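Below is one structure; the comments refer to it alone.
The values are calculated or read from the model by the stated rules, or taken from the named source; none is laboratory data. On a predicted model such as this, the values are computed, not experimentally measured, just so you know. For neighbour counting, all protein chains shown are included, and Cβ atoms are generated from backbone atoms with ideal geometry for every residue, glycine included.
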Amino acid sequence: MGVNLALKGRMDELGLNQDELAFKLNDALWDITGRPGDISARTVRNLLNGSSRRPIGRTCVALERVFGCPVEDLGFSAPRSMQHPPEDPVRRRDFLASTTGSAAGAAPLIRQRRGVGMSDVQRATAGMNALIEADDRQGGHTKLAAAALEGRSEVLDLQQRNASQRVRNALYALAAEFTTIAAWAYIDLRELDEAQKHLHEATTFAGLSQDPPTEMRVWMNQTMLAYQRKNGPEQLAAAQAAQASLAARRDPFFRSMGRVRVALAYATLGDAKAAERSLGSAQETFRRAADEERPRWTAFYGTAELNHLAAIVMNRNGQYADGEAMAHRALARIPVEFRRNRALATCQLAHAQLQQGEPEQATQTAANVFAIMDGARLPGRMRTLVGDFHRDLFRLAPSTSYARDWADRMRDEWSRA
C-alpha cells in the first residue's frame with residue numbers, strides 16, 4: 001500500500017485538494033444520477049493513500065466524470081462490471097444504467113469534457129507573456145489587440161469546464177490580463193472609446209480573479225486612459241485607487257508604482273509640490289522593494305522606468321533641466337528590448353531640451369525616436385508626443401535649416417503609416 005501517485009498528479013494538475021475533490025465527485029454524481037453524492041474527504045484520503053485501490057462503481061463513475069479519463073489511468077482497478085472492451089459501448093451504457101439509475105446521456109458526460117488544470121493556465125500564461133513582449137517591442141497596434149481578445153475568449157471557454165477554485169481564479173486573472181492588454185493597445189493607438197470599453201470588462205474579470213496584482217494593473221491603465229482623455233481629476237482618483245490597492249499595501253514595489261502614478265496625476269493638475277512629494281515617496285518606496293518574482297507585465301517597472309516617469313513629472317512641472325537629467329538616466333538603463341519605452345523617454349528628453357532653448361540638439365534627439373522604432377509604425381500615443389514636439393519646434397525656430405530637415409524626415413516617417 002502506498003500513495004496513489006497517478007491520482008495525486010491529476011489532482012495537482014487541476015489544483016484540487018481533498019475537500020475540493022470530494023465536492024466535485026459529489027457534484028458529478030448529482031449531474032449523473034440526479035441525487036446528491038455521499039463521498040467524503042475521508043473517502044478521498046483513502047483513495048490517495050492507497051488503502052482503496054478498487055473503488056465502488058458509483059465512485060468510479062464520479063472519478064471518470066471529474067477527470068475525464070478511465071479509472072485505470074488514475075491508478076485504480078475498476079470493478080469487474082466496469083472491466084469491458086473499450087469498443088463495447090452497449091455494455092458500458094448498461095453498467096452505467098444499473099449503477100446510477102440514469103443511463104440516458106451518462107456515457108457522453110464522462111467523455112465529453114476534460115477538467116482544466118494549472119497546466120492549461122500555464123499554457124495560456126505563456127501566450128499572454130508573448131503578447132506583452134510584442135507590446136514592449138512595438139507598442140499597441142490592432143493585431144495585438146485582436147490577439148489579446150482572442151486569448152481572452154479562449155480562457156473564458158476554459159471556464160466552462162471542470163476546475164478547482166484556484167484554477168478558476170487564475171483563469172479570471174488571465175481574462176483580465178488579456179483584456180487589459182487589448183485596452184492598453186487601444187490606449188497606445190489613442191482609440192480611447194474602445195480602450196474604455198475593454199477596461200470596464202477587465203475590471204469585472206479582475207474582481208472575479210481575487211488577484212491583487214491584476215486589479216492593480218487595471219487601475220494603472222485607468223490612470224493612463226484618464227490622462228489621454230485630459231480628465232485630471234479622474235486620473236488622480238484612479239491613481240489613488242491603485243495606491244490604496246491590496247497589492248500596493250502588501251508590496252513596496254506595487255506601492256511605488258501607485259505613488260508615481262499619483263505624482264503624474266498631480267503634475268497634470270498643476271500641483272507641482274504634491275507631485276514632487278509623491279514622486280519622492282515613490283522613489284524611496286521602490287528602494288525598499290525586494291527583488292522577487294512578479295507577473296510578467298511588471299517587468300517594465302524598475303529604476304529606469306521610474307526615472308522616465310520622473311522626467312515626465314519634471315517636464316509637466318516646468319522643471320526642464322531636471323526633466324532632461326532624469327530622461328538621460330532612464331535611457332542609460334532602459335533595456336534595448338523595451339523599444340517603445342526607450343522611444344517615449346527619448347521624446348521626453350527632446351521636449352526638455354527644446355524648452356531649455358536648445359532646438360537644434362532637441363531636433364537631433366527627436367529624430368532618434370524613428371531609429372529606435374526601426375521602421376515600425378509609431379503607436380498613436382507616441383505620434384501625439386512627436387506631433388507636439390513638431391508644433392513647439394516650429395513655434396520656437398520656424399526658419400532654421402534643421403527644422404526644415406526635421407519636417408522632411410517627419411513627412412517621410414508619417415507616410416509609412
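One residue stands out among those in region 172-231 that are of a type in the set (Lys, Arg) and part of a helix (DSSP H, G or I): the one that is surrounded by the most Cβ atoms within 10 Å (Cβ to Cβ), which is Arg217. Of everything listed in (1) at pLDDT below 85; (2) buried (at least 16 other Cβ atoms within 10 Å of the Cβ), the single unmet condition for Asp88 is (2).
The requirement of being out of contact with any Asp or Glu (no Cβ under 9 Å at 6 or more places or on another chain), modelled with pLDDT under 80 and closer than 19 Å to Asn4 by Cα is satisfied by Pro79.
Out of curiosity, is Ala274 among the aliphatic types (A, V, I, L, M), at pLDDT 95 or above and either out of contact with any Phe, Trp or Tyr (no Cβ under 7 Å at 6 or more places or on another chain) or not assigned by TED's automatic domain parsing to the domain that holds Thr384 (or both)? Answer is yes for this residue. Of the numbered criteria (1) touching a helix residue (DSSP H, G or I) at 6+ places or on another chain (Cβ under 8 Å); (2) outside any helix (DSSP H, G or I); (3) not charged (D, E, K, R), the one Gly270 fails is (1).
Select from region 365-382 the residues that are in a helix (DSSP H, G or I) and in contact with a helix residue (DSSP H, G or I) (Cβ under 8 Å, 6 or more places away or on another chain) and list them in ascending order.
Within region 365-382, Thr365, Ala366, Ala367, Asn368, Val369, Phe370, Ile372, Met373, Gly380, Arg381, Met382 qualify.
Close Cβ contacts (under 7 Å, 6 or more residues apart or on different chains) running from residues in region 26-46 that are in the same structural domain as Leu63 (by TED's automatic domain parsing) and closer than 19 Å to Gly9 by Cα to residues that are among the charged types (D, E, K, R) and loosely packed, with under 13 Cβ neighbours inside 10 Å comprise Ala41/Asp19.
No other residue among Ala185, Ala145, Ala175 is outside the structural domain of Val336 (by TED's automatic domain parsing) and modelled with pLDDT of 90 or more apart from Ala175. Name the residues in region 232-267 that are assigned to a helix (DSSP H, G or I) and either touching a Cys at 6+ places or on another chain (Cβ under 6 Å) or among the acidic types (Asp, Glu) (or both), would you? Passing the criteria: only Glu234.
Out of everything in region 299-317 that is of a type in the set (S, T, N, Q) and crowded, with 21+ Cβ neighbours inside 10 Å, what residue ends up being nearest to the chain's Cα centre (by Cα)? So the residue we want is Asn307. Here Gly302 clears all of (1) touching a residue at least 12 places away in the same chain (Cβ under 8 Å); (2) more than 27 Å from Glu177 (Cα to Cα) except the condition numbered (2). On inspection, His351 passes the criterion of being of a type outside the set (Asp, Glu) and buried (at least 21 other Cβ atoms within 10 Å of the Cβ). Annotation: of all residues in region 151-167 being assigned to a helix (DSSP H, G or I), charged (D, E, K, R) and more than 19 Å from Asn129 (Cα to Cα), the one that is modelled with the lowest pLDDT is Arg166.
Among the residues of region 178-220, those identified as over 14 Å from Met128 (Cβ atoms) and among the acidic types (Asp, Glu) are Asp188, Glu191, Asp193, Glu194, Glu201, Glu215.
Exactly one residue out of Leu331, Leu385 is in contact (Cβ under 8 Å) with a residue 40 or more places away in the chain and of a type in the set (A, V, I, L, M, F, W, C): that is Leu385.
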